[in-house]
Amino acid sequence: MNKNIQYQIPAEVLIELANWHQLQRVPWELDGVEIKEVINAIPLEIENMFSKIKGKPPSLADKKVATLAYELRANAIVSNDRDLWDSGLSYNIEKNFGYRIEIIRPHYFENWLEKHDFF
């Protein structure tokens, strides 16, 4: 674990994971993840997210992840969830709130860390 990196998720992610069939692995040890409550209502820009590839809106857990990242002014969301990287989230946050949350797929995370001097 890099002490400069904090992993935070809303409880809804754990609930969604618990409902998955044939769960292969959890990306990080839970010791390194802080479970945070989403304090504010989901902003309209996040509520209206829509996955073009799936043809449907993201789950409540995905919207809570995006809302928590927005509340915390996170630099990035690390996720392989198509709903997050295919919904225009980064663009809408930057356009409407003036800062960018990058959506990073896990296999690019190490490169992102190096690029942003976390090592």
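The values are calculated or read from the model by the stated rules, or taken from the named source; none is laboratory data. Everything quoted here is computed from the prediction, not taken from an experiment. Because the Cβ atoms are built from the backbone with ideal geometry, glycine has one as well, and the counts that use them run over all protein chains shown.
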Looking only at the range 66-80, decide whether some residue is closer than 21 Å to LEU14 by Cβ and aromatic (Phe, Trp, Tyr). yes
Report, by residue number, each residue of the range 55-69 that is assigned to a helix (DSSP H, G or I), of a type outside the set (Val, Ile, Thr) and either surrounded by fewer than 21 Cβ atoms within 10 Å (Cβ to Cβ) or touching a residue at least 40 places away in the same chain (Cβ under 8 Å) (or both). LEU60, ALA61, LYS64, LEU68
Count of residues meeting criterion [within 11 Å of the chain's Cα centre (by Cα) and not in a loop (DSSP other than H, G, I, E, B)] in the range 73-105: 12
Name the single residue that is modelled with the highest pLDDT among those in the range 34-54 being over 16 Å from LEU84 (Cβ atoms) and not in a strand (DSSP E or B). ALA41
Give me a count of the residues in the range 106-119 that are in contact (Cβ under 8 Å) with a residue 24 or more places away in the chain and part of a loop (DSSP other than H, G, I, E, B). 3
Report, by residue number, each residue of the range 46-72 that is under 15 Å from the mean Cα position of the chain (by Cα), charged (D, E, K, R) and farther than 30 Å from ASP117 by Cα. GLU47
Which one is nearest to ASP62 (Cα to Cα) among residues in the range 90-105 that are in contact (Cβ under 8 Å) with a residue 24 or more places away in the chain and touching a strand residue (DSSP E or B) at 6+ places or on another chain (Cβ under 7 Å)? ILE103
